[in-house]
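Below: the structure, in structure tokens.
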Amino acid sequence: MSVATYPPSFLFFDLETTGADPVFDRPLQFAAIRTDMALEPIGEPVVWYARPPDDCLAHPAAVMTTGLLPDDPVLAGADSEANLANRIHRLVSQPNTCVVGFNNLRFDAPMLRFLFWRNLLDPYRHEWADGNSRFDILDAARAYRLLAPAALNWPVDGNGHPTLRLSELSAANGLTHENAHDALSDVEATIDLARALRNADPALWERLLAARDKREVARVIDQPGHVPFLHVSPRLPARVASASMFCSFGQVDGNRNRRECWDLRFDPLPWLDLDAEQWAERRFLKTPPIEAERDWDELRLPIKSIHLNRVPVVLPAEALERDGVAQRMVIDRARIEEHAASFRRHVDALRERLIGALEQTEGDFPPRPAEQSLYAGFVPNADRRHLEDWWGRARGLRSRDEAIAHARDLLVWPFEDPRLPELAEGFVARNLPEALDDAARERWRARLVDQLRPGQRLDPGQGQAPGTDRDFPTLFAQADRLATDEHWSPEQRALLGPYRRWLEQRERALKG
């Protein structure tokens, strides 16, 4: 069937996983509902599960969040990760599909990319090819809170701060959300929220959807003369509506999809007194720049990267004309105009400092295991075609013996990409261990036994979030700590007993 045969559609989806790290953690539950562009369902919902793989120990906080114990019967009898990946890949790759979720661009989408990568499927094509795109309802809600606040009731947390949690938004607006952190329930709630936003301001909805096309994003950001634009992002403080005005430097490095942009809350002129090395030192300061405005020595470099192909919320400066927008952003429009004029006058000198700072701070990272090295480069075309052909033939196999022979063909293929032999061996070890020779079987066993030793950090020295150590000693300690944490409900903490028993059983099996 041709691409034109498929009408445009949204595919709303959600994942429940073994933890919060997209690089390392694994999907356990996938749910999706396809809708037309008017957000009316097409066909039946899908809910698929996968068995937890042996080389990924679930984090206790994830178990408490999802309610899915690793030895839950619904998981124990579920599909392999490879089969789940194959089914999801075919679903999201249907032409003219816009893949949508709630916080999917920062969590679920990279989780899918690494799922596909581990399972030798193209990790990117479903996001852009054949008329496909992606969108995030969390980002849309954040934009509506600034630009069309009458669209929803906006809840606050216990400290009086605004919250954009899906469960809280659903409750505040009378939307269906019967079982938070069940994948299908989250999908249904996300669709209801999308309908509420679209119905409240259809023009804004279409404006935000337009950013699925990076050419439209570039049209806003790359206007001649460094014209200011409005940008809404979770990286900007909620107290200023997660928004600011920016001017773009344009493309400053080899990444044609990235723009470095100056935050116009800040006068660029004083920054010319610092050299490129000082800019580099200031680039990664943890203090949010707006909060540090009164203390120059603590001020982070007020430059933000915006990626054209990541569906950013960017709008022309005219968006400030909407009623109350400037007040919610807590900005002085006259100062913004002054800073924009200063930026234009000194843009060449500022750009020179920026390029020097980037050269000092964007070096090579230490080598990573193949399964964590997706972003180390694109797979050569010859390797990509071979993997597509391998999967095409794998889908037609009828017996375990045929599958084992087919897997052995994969293990001896002369890949150009040095990551792929290691990736293929892990894939086969998880799904068809009978296909491994003795040496490969020993390497896999050693990898699993490594989980017994403390300090098995996923990616040493790369600033992973707390909780990413996944060895048995760390997870037992985490479970003990969480058992007394009243942030969690009694029902959630009750899951820690069965979780510990599962962990003990896995530990005994590896020690044996």
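Among the residues of region 196-242, none is identified as closer than 24 Å to residue 162 by Cβ, among the β-branched types (Val, Ile, Thr) and in a loop (DSSP other than H, G, I, E, B).
Okay, residues lined up against (1) under 14 Å from residue 139 (Cα atoms); (2) modelled with pLDDT of 95 or more; (3) within 24 Å of the chain's Cα centre (by Cα):
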{"residue": "160", "(1), (2), (3)": "no, no, no"}
{"residue": "175", "(1), (2), (3)": "no, no, no"}
{"residue": "180", "(1), (2), (3)": "no, no, yes"}
{"residue": "188", "(1), (2), (3)": "no, yes, yes"}
{"residue": "199", "(1), (2), (3)": "no, yes, no"}
{"residue": "205", "(1), (2), (3)": "yes, yes, yes"}
{"residue": "211", "(1), (2), (3)": "yes, yes, yes"}
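Which one is surrounded by the fewest Cβ atoms within 10 Å (Cβ to Cβ) among residues in region 388-427 that are of a type in the set (A, V, I, L, M) and in contact with a Phe, Trp or Tyr (Cβ under 9 Å, 6 or more places away or on another chain)? Once the filter is applied, the top-ranked residue is 424. In this structure, does residue 197 turn out to be surrounded by 20 or more Cβ atoms within 10 Å (Cβ to Cβ) and either outside the structural domain of residue 47 (by TED's automatic domain parsing) or not hydroxyl-bearing (Ser, Thr, Tyr) (or both)? When the stated conditions are applied, residue 197 passes them.
Here residue 54 meets each of (1) buried (at least 18 other Cβ atoms within 10 Å of the Cβ); (2) among the charged types (D, E, K, R); (3) in a loop (DSSP other than H, G, I, E, B) with one exception, condition (1). Comparison of 109, 150, 171, 62 shows that the only residue that is closer than 22 Å to residue 187 by Cβ and either touching a helix residue (DSSP H, G or I) at 6+ places or on another chain (Cβ under 8 Å) or in a loop (DSSP other than H, G, I, E, B) (or both) is 109. Of the residues making up region 186-221, those that are under 28 Å from residue 257 (Cβ atoms), of a type in the set (A, V, I, L, M, F, W, C) and touching a residue at least 24 places away in the same chain (Cβ under 8 Å) are 194, 197, 204, 205, 208, 209, 211, 217, 218, 220, 221.
Here is a yes/no grid of residues against (1) in a loop (DSSP other than H, G, I, E, B); (2) touching a residue at least 12 places away in the same chain (Cβ under 8 Å); (3) of a type in the set (Asp, Glu):
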{"site": "20", "(1), (2), (3)": "yes, yes, no"}
{"site": "25", "(1), (2), (3)": "yes, yes, yes"}
{"site": "34", "(1), (2), (3)": "no, yes, no"}
{"site": "37", "(1), (2), (3)": "yes, yes, no"}
{"site": "44", "(1), (2), (3)": "no, no, yes"}
{"site": "49", "(1), (2), (3)": "no, yes, no"}
{"site": "69", "(1), (2), (3)": "yes, yes, no"}
{"site": "85", "(1), (2), (3)": "no, yes, no"}
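Going by the conditions given, is residue 320 among the hydrophobic types (A, V, I, L, M, F, W, C), outside any loop (DSSP other than H, G, I, E, B) and closer than 28 Å to residue 104 by Cα? Here the answer is yes, as residue 320 does meet what is asked.
Residue count for region 160-189, restricted to those that are of a type in the set (Val, Ile, Thr) and either outside the structural domain of residue 29 (by TED's automatic domain parsing) or under 25 Å from residue 18 (Cβ atoms) (or both): 1. Please verify whether residue 319 is crowded, with 18+ Cβ neighbours inside 10 Å, among the small types (Gly, Ala, Ser), in contact (Cβ under 8 Å) with a residue 24 or more places away in the chain and not assigned by TED's automatic domain parsing to the domain that holds residue 110, treating the condition exactly as stated. Against the criterion (crowded, with 18+ Cβ neighbours inside 10 Å, among the small types (Gly, Ala, Ser), in contact (Cβ under 8 Å) with a residue 24 or more places away in the chain and not assigned by TED's automatic domain parsing to the domain that holds residue 110), residue 319 qualifies.
Annotation: of all residues in region 322-343 being among the basic types (Lys, Arg) and surrounded by 15 or more Cβ atoms within 10 Å (Cβ to Cβ), the one that is farthest from the chain's Cα centre (by Cα) is 322.
Of the numbered criteria (1) more than 28 Å from the chain's Cα centre (by Cα); (2) free of Cβ contacts under 8 Å to residues at least 60 places away in the same chain; (3) farther than 30 Å from residue 214 by Cβ; (4) surrounded by 15 or more Cβ atoms within 10 Å (Cβ to Cβ), the one residue 299 fails is (1). Consider region 106-130 and keep the residues that are of a type in the set (Lys, Arg) and within 23 Å of residue 306 (Cβ to Cβ). The one that is modelled with the lowest pLDDT is 106. Taken over region 371-418, the criterion of being assigned to a helix (DSSP H, G or I) and of a type in the set (Ser, Thr, Tyr) is satisfied by 375 alone. Per the conditions (1) assigned by TED's automatic domain parsing to the domain that holds residue 67; (2) touching a Pro at 6+ places or on another chain (Cβ under 6 Å), the sole criterion not satisfied by residue 192 is (2).
Inclusion of residue 147 among residues that are surrounded by 20 or more Cβ atoms within 10 Å (Cβ to Cβ), in contact (Cβ under 8 Å) with a residue 40 or more places away in the chain, touching a Phe, Trp or Tyr at 6+ places or on another chain (Cβ under 6 Å) and farther than 16 Å from residue 103 by Cα is not warranted.
The values are calculated or read from the model by the stated rules, or taken from the named source; none is laboratory data. What you are looking at is a predicted structure, and each value in this text was computed from that prediction instead of being measured. In this analysis, Cβ positions are derived from the backbone assuming ideal geometry, glycine residues included, and neighbour counts consider all displayed protein chains.
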